[in-house]
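The values are calculated or read from the model by the stated rules, or taken from the named source; none is laboratory data. Since the structure is predicted, the reported quantities are computational estimates derived from the model, not experimental observations. All Cβ positions, even for glycine, are placed from backbone atoms using ideal geometry, and neighbour counts span all protein chains on display. Quick note on the areas: whole protein, heavy atoms, side chains included, nothing else; ligands and nucleic acids left out. Shrake-Rupley method; radii C 1.70, N 1.55, O 1.52, S 1.80 Å.
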Amino acid sequence: MTAHILLLGTGTGLPDPDRTYTHLAWDGPGGPLLIDVGGDSYRRLLAGGIDPQMLRGIILTHSHCDHINGLPALLFSLRLGGRTEPLPIYGLPETLELAKSYLEAAGLEEWTTPVVWQPLAAGERLQPGDGLEIATARTSHSRPCIAVRLSAPAVPAVCYSADTEPCEEIIRLATGAHVLIHEATTPEPSPGHSTPRQAGAVAAAAGVQQLVLVHFSPRWTMPIERALAEVVAGGFTGKASVGVDLQVIPLVA
């Protein structure tokens, strides 16, 4: 069975002209599934060939605004498009509480698709259906945050770090995965975030085959060529790239 990741956005909390807030979608068994909701997610799903009305769920990694600020607009657009089927939204209890506040402040009233809030604990595993398994781990960030790993029968596993500085939890979660999508926000080590070199070290320690850097800016982090050199300096010798908005990452053995 085929599956891929669609990078809906790959930028930092300060977007570039060609990079919006980092969020992504799983298009495979049990999907499509949205991970974080940044800005114009409905349009970006359409642009990437995914029908937003077919979403099977949303995972919110944490409550910083660049990862959840598009939720009211997405639910509004889903309702305008005719969706009345409830949409599961998974996340840490602290994350879901703030997300609920966003929706209340938006005053959508009846103009929202119904939501089923699904609190989860870091380390919890989900099996939403069709063979999809989602594993989670607590990251090292300034707010409670989870990384996610998605796998399904005959589909190589992919791990997304979300926002984090390097930590053993991410290495364990990513070990054995084919692809690691890891944030690389800062040029120098910084609490709560990672550099490209640190992302390379995590990828090397986890033994993944492919590393894709996101939550990255050629303006604010470093030039792309330097970032890829830093990944190698971190010890990763596999396939490495800097993600771009609307990029498709095939999950093939």
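Summary of computed values
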quantity	calculated
Selected from 141, 15, 173, residue furthest toward positive end of dipole (the chain; charges at beta carbon)	173
Accessible surface, per residue, of the chain when the full set of protein chains is kept, probe 1.4 Å, Å²	39
Normalised convex hull volume, the range 87-132, alpha-carbon set, Å³ per residue	69
Convex hull (Cα only) mean projected area of the range 39-171, reported in nm² to one decimal	8.4
At 1.567 mPa s and 4 °C, Stokes diffusion of the range 39-85 via Kirkwood alpha-carbon radius, µm² per second	115
With 5 Å bins from 0: P(r) over the range 1-56, alpha-carbon pairs, percent	4, 21, 32, 22, 11, 6, 2, 0
Karplus 3J(HN,Hα) series, Hz, for the range 150-167 with 6.51 cos²θ - 1.76 cosθ + 1.60 (x for Gly, Pro)	10, 8, 7, x, 6, 10, x, 6, 10, 10, 10, 6, 6, 7, 5, 8, x, 7
Convex hull (Cα only) mean projected area of the chain, reported in nm² to one decimal	11.9
Base-10 log of normalised Debye intensity for the range 1-100 (one unit scatterer per alpha-carbon) at q = 0.10, 0.11, 0.16, 0.21 Å⁻¹	-0.24, -0.29, -0.63, -1.10
Percent antiparallel among DSSP beta bridges (both partners in the chain, rounded to 5)	55
Sulfur and carbon atoms: percent of accessible area, the chain [1.4 Å]	54
Order by protection proxy (mean Cβ within 10 Å, highest first), peptides 122-129, 143-150	143-150, 122-129
The range 186-244: trypsin sites (Lys or Arg not before Pro) in DSSP loop, at most 15 other beta carbons within 10 Å	219
The range 136-253: radius of gyration over Cα atoms, expressed as a fraction of 2.2 N^0.38 Å	0.96
GNM top mover of 112, 221, 84 - the chain, alpha-carbon springs below 10 Å	84
Ellipticity estimate at 222 nm from DSSP helix runs (n ≥ 4, -39,500 (n - 2.57)) divided over the chain, nearest 500	-7000 deg cm²/dmol
Unit charges on C-beta of K, R, D, E only; dipole of the chain, Debye	360
Amide hydrogen neighbours beyond the local backbone of residue 111, cut-off 5 Å, H modeled	none
Built amide H within the under 5 Å cut-off of residue 57, gap 5+	34
